[in-house]
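The values are calculated or read from the model by the stated rules, or taken from the named source; none is laboratory data. In this text the structure is predicted, and so the values were computed from the model without any measurement. Every residue, glycine among them, receives a Cβ derived from its backbone with ideal geometry; neighbour counts consider all protein chains shown. Please note that ligands, DNA and RNA were not included when accessible areas were found on the heavy atoms of the full protein model with its side chains. Shrake-Rupley method; radii C 1.70, N 1.55, O 1.52, S 1.80 Å.
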Amino acid sequence: MTKPIVAIVGRPNVGKSTFVNRLIGTRNSIVDDLPGVTRDRIYFDVEWQNKVFTVIDTGGIIPGDEDEIMLSIFDQAKIACDEAEKIIFIVDGKEGINPVDYDIANILRQSGKQVFLAVNKLDNPESLLMINDFYSLAIGEPVGISALHGSGGVGDLLDLVTEDFEQDIEQVEDNTIKIAIVGRPNAGKSSIVNALLNENRVIVSDISGTTRDSIDSSITYKDREFIIIDTAGIRKKAKVDWGVEKFAVDRAIRSIKDCDVALLVIDAKEGISDQDKKIASIITEAGKGIIIAINKWDLIEDKQSNTINQYNKKLANDIPFLEYAPKIYISAVTKQRLNQIFVEAENVYSECTKRISTGLLNKVVKEAYMLNPPASSKGKRLKIMYVTQTGIQPPHIIIFANNADLMKDHYKRYLENKLREAFGFFGTPVKLSVRERSD
């Protein structure tokens with residue numbers, strides 16, 4: 001059953017994201033006093049009185065604003081209203097009615113959707129007197145709320161909104177693959193998302209740092225559902241401004257930890273940078289599957305039959321620790337090889353969740369040990385007694401040995417390479433742990 005969708009709209013800085021955070025119980029939407037902080041439409045699931053629905057947090061609307069970003073925010077809010085079954089129109093009860101509120105009210109009446117008027121920031125009994133002024137918007141009965149404190153009529157508002165929603169939506173097994181699109185600012189992450197979805201799902205601009213929230217979009221490819229997560233560009237720590245941008249970067253890193261597969265987007269013209277390597281390290285340390293997407297491949301001039309091979313060799317030299325990661329050469333503008341993202345993501349996910357039988361693991365490790373036994377240290381030699389896999393995402397393999405200190409890093413890498421030769425594990429880190437066990 002499809003969950004009902006409720007859009008949250010209003011002019012900038014009236015408390016829309018604070019209200020969404022109140023509904024979902026966590027600080028997921030970015031909240032800041034700067035107008036226009038929320039720029040794209042962001043989807044969250046909410047449960048109220050055993051009724052589950054989806055809310056869309058939108059950017060603040062300023063009808064008629066000619067600023068490029070503000071125009072895009074306005075378009076995103078209009079799309080959200082088209083998608084939603086119901087709309088919560090939030091206004092600022094502390095500041096009072098604003099001429100822009102009238103403009104938005106006129107737009108919402110034309111939408112033909114059921115609209116609920118929420119007068120926010122009524123944090124004390126005296127401020128409730130302000131509510132009567134908002135009848136002039138002719139948008140329905142105003143409901144006074146305090147999104148910041150959760151007081152007022154938040155519960156009453158949700159009762160009204162969900163009155164005809166059905167209870168106990170059947171939960172189905174989540175078989176989706178979550179792909180986080182990550183990389184430096186301006187690598188083309190949002191353009192990739194929009195090209196995959198065939199719509200302007202996120203705002204695309206040449207202005208660095210346009211995407212601030214991590215935004216989820218659902219798409220089905222060949223009967224498999226994927227969640228595409230567009231994230232803020234991750235800049236060097238020293239260059240990240242405190243406040244909104246820092247929180248956006250934190251959200252991007254959290255999205256890596258929450259995803260199944262990370263798509264690391266690299267600008268083909270600029271090549272791999274130290275920051276790209278840092279982001280790759282974040283992905284591998286989180287134990288996530290990884291695909292390297294070289295974007296803007298259409299801008300590479302004089303391509304020859306071996307251009308990709310040459311680029312692969314350069315990547316192997318620059319990031320040797322990611323030799324196991326599949327590389328795809330794409331263009332968000334021309335949509336070249338974009339569908340390969342889904343193909344590789346499914347392959348990598350399969351490798352991340354792969355389980356190898358204990359018998360096969362022991363056979364491969366025993367053969368590797370016989371071919372290249374470790375050197376002795378102070379008269380002691382490493383002995384491997386037993387190997388087993390205990391987990392997935394990433395595959396976790398435990399090696400029981402006589403002395404953990406005798407397992408040197410170079411020999412652990414040797415065993416990992418032998419395991420990859422035998423079982424693949426393409427696109428996924430492999431976690432090797434050593435535990436001591438007596439003969």
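Laid out as a table, the results:
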item: Summed residue charge, Cβ within 9 Å of Ile229's Cβ, Lys/Arg positive, Asp/Glu negative; result: -2
item: Calculated FRET value between Ser281 and Gln114, using beta carbons and R₀ = 35 Å, to 0.05; result: 0.10
item: By average C-beta atoms within 10 angstrom, highest first, the peptides 416-422, 276-282; result: 276-282, 416-422
item: Estimated FRET transfer efficiency when R0 is 56 angstrom, pair Asn402-Ile300 (beta carbons, to 0.05); result: 0.60
item: Length released on extending from Lys313 to Asp156, taking residue separation times 0.36 nm less the Cα-Cα span; result: 50.3 nm
item: Cα centre as origin, Lys/Arg/Asp/Glu Cβ charges: segment 273-346 dipole, Debye; result: 60 debye
item: Sparse-neighbour loop sites [trypsin sites (Lys or Arg not before Pro); segment 356-401; at most 15 other C-beta within 10 Å; DSSP]; result: Lys378, Arg381, Lys383
item: Distance-filtered residues of segment 266-286 - backbone nitrogen under 11 Å, label point 7 angstrom along Lys431 Cα→Cβ; result: 285-286
item: Long-range HN-HN contacts of Gln336 with modeled amide H, under 5 Å; result: Ser331
item: Integer Hz, Karplus 6.51/-1.76/1.60 couplings in order for segment 356-366, x for Gly and Pro; result: 10, 5, 4, x, 5, 4, 5, 5, 5, 5, 5
item: Accessible surface of Glu225 - all protein chains present, 1.4 Å probe, nearest 10 Å²; result: 80 Å²
item: Note, ³J(HN,Hα) from phi for segment 178-186, Karplus 6.51, -1.76, 1.60, rounded to Hz, x at Gly and Pro; result: 8, 10, 8, 8, 10, x, 6, x, 6
item: Gain upon complete extension [Ser376, Ser357; 0.36 nm per residue less C-alpha separation]; result: 3.9 nm
item: Linear extension gain, Arg337 paired with Asn124, 0.36 nm per residue minus alpha-carbon span; result: 71.0 nm
item: Heavy-atom accessible surface of segment 269-313: percent carbon and sulfur, 1.4 Å; result: 41 percent
